[in-house]
Every structure is written in C-alpha cells, then in structure tokens.
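Input: a single structure, listed below in structure tokens.
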Amino acid sequence: MSQLAIYIDDKLAEKLDKAVKASGKSKSKWVAGAIKRSLQDQWPDGFFDLAGSWDDDVGPDEIMSRIRTGVDKPDRRERLR
C-alpha cells in the first residue's frame, strides 16, 4: 500500500477535519475515498451504447481519451464571449 504526504492550507485543513469528524472515518480513509470517487468514471447506464450510433470513426476508447485530455473542449476565451 502506498503512502502520500500532502500540504494544504489551514482553511482547507479545518474543512477536512469537520468532514472527517462527521463521517466517523479516519482521515486517511476519508481522503482515500475522496480520491477514489474523484477518479471514477461516472457515466449513466447505456452511455457507451450510443457509440457507433452516429456516423463517425471514433469509438468509446477514443472518446474517453479525448474527454480526459481535454481535446475538443472550447477555448476558454470562446466561452467568455
């Protein structure tokens, strides 16, 4: 099992302490759970069944790769217009 040391500011540490206390878990278990949840792909049931239902050569693996790397995201300047 790996260990991780992180540095956070005092305000974030206070919020973390409150969340940990409310959960009844150890700080380590709470943080590990938060990391796990944030790294999970959470797509609705049937989401990838749509792959191939349109005219395109892009499959589910390429779609996920593009989502993770930010390919095809509009430039921030374009969103602010």
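Values quoted throughout were computed directly from the atomic coordinates according to the rules given, and no laboratory measurement underlies them. No experiment lies behind these values; they were computed from the predicted model shown. Glycine also receives a Cβ, built like all others from the backbone with ideal geometry; neighbour counts cover every protein chain displayed.
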Scanning segment 1-48 residue by residue, those under 24 Å from ILE63 (Cβ atoms) and either touching a residue at least 60 places away in the same chain (Cβ under 8 Å) or surrounded by 12 or more Cβ atoms within 10 Å (Cβ to Cβ) (or both) turn out to be PHE47, PHE48
Of all residues in segment 49-65, count the ones that are assigned to a helix (DSSP H, G or I), surrounded by 11 or more Cβ atoms within 10 Å (Cβ to Cβ) and not small (Gly, Ala, Ser).
-> 4
Might you check whether a residue that is more than 26 Å from ILE67 (Cβ to Cβ) and not charged (D, E, K, R) occurs anywhere in segment 27-43?
-> yes
